[in-house]
Amino acid sequence: MKNRMRNTILRNTILRWLWVCAASLVATTTVQAAPIAMTPDNWTLSEQGASFEQHMGRTAIKLNGGNAVLMGQSFKNGIIEFDIAMPAARGFAGLFFREREGQNAEEFYLRSHLSGMPDANQYTPVFNGLNAWQLLHGPRYSAPTDYRFDTWTHVKLVVKDNRMDVYIDSDDPVLHVDNLFHGTSEGGIRLRGAVADYYYSNVNVTPDDGVKLVGSAAPLPNLPKNLITRFAVGNRVVSSAGVEGTAALNPDLLEGQEWQWLEVGETGAADLAGLASRTREMNTQLVRMAITADKAQTLELAYGYSDRATVFLNGRAIAHGDNTYASRDYRYLGTIGLFDSVFLPLEAGENEVVIAVSEAFGGWGIMASASVPKGVSVH
């Protein structure tokens, strides 16, 4: 009798334990939806550079200079995954997610020609239609990943609030981003491909606010000493033609400007695209610093910019630089840093520094530092 009772108690205990484990598994496991069919019912393709194709036994979307927008999906947290076939050639392919009005989004893409290199891929925010890879370079935003070509590569993004794990044919994350620059936002999904032919298939989107992240981010960079942490930026975009190659700043360009403070980000650079969009002609923002000196003296200002900058002191041009991609040689990336400096001949009293920053592509930014002596203030 005692043995039967013990066996019954043991059996019931095991059954309860199995039921709890099963319930826990159901509660914590993400339910994966079926892959999204690659058909016009689900995707809106751009007029050029995008088509539905058969590729390596699958119905796929081919992109080269085009985009494919997933219809009827608003994504916040969860999993986005897809298979991509890419050639061993120069090109860029990936996706925008949490996209709003085609102008603001998070972006992750692959650089197929840089397989195994530190910048084989890239996370960047997109503000006002401009991404910022020249401002965000290094192990917090990209990872050295070896790619396979002419076969299907599986890419998975696990997104939770302002963080993301990225898997590329891997069981563990190859990249963890702990600061998605748009924070916790929500929006659409758009695939893109450029310069080479890329094929997408097996796209799957699984919304899940309880998704788990397991990766860890690279440490924050050490910021430069004496970093200027915010800038006054004019609200009206002007043309670079009006500021480059001129000996003096046209006062009409300052007329009617409303100055707004812009804080620098985690790299020490301020992303000017967060305040305005640009066109081919209207592509320059004016950044102002007021410097008060108790006597006439010289102050060294170190600065970085993307892509071009003209420095004016009290209305007079004193420096110009070009940091555009491939402007110095074909390998030059144009990433931002405190690579330039200018010696400011300050007058006693109030001085005005205006830096006209012009953007081509890849990031619209400004950063600066100055060792400010006693009797001088920068504001």
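The values are calculated or read from the model by the stated rules, or taken from the named source; none is laboratory data. The model shown is predicted, which means the values in this text are computed figures rather than measured ones. Glycine gets a Cβ as well: all are built from the backbone with ideal geometry, and neighbour counts include every protein chain shown.
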Test T267 against the stated conditions and say whether it is crowded, with 20+ Cβ neighbours inside 10 Å, among the polar types (S, T, N, Q), in contact (Cβ under 8 Å) with a residue 24 or more places away in the chain and in contact with a helix residue (DSSP H, G or I) (Cβ under 7 Å, 6 or more places away or on another chain). no
How many residues, within region 328-375, are closer than 16 Å to G304 by Cα and either of a type in the set (S, T, Y) or in the same structural domain as G129 (by TED's automatic domain parsing) (or both)? 6
What is the number of the single condition among (1) touching a residue at least 12 places away in the same chain (Cβ under 8 Å); (2) surrounded by fewer than 19 Cβ atoms within 10 Å (Cβ to Cβ) that N222 does not meet? (1)
Here is a list: R288, R308, R328, R316. Which entry is modelled with pLDDT under 95 and of a type in the set (D, E, K, R)? R328
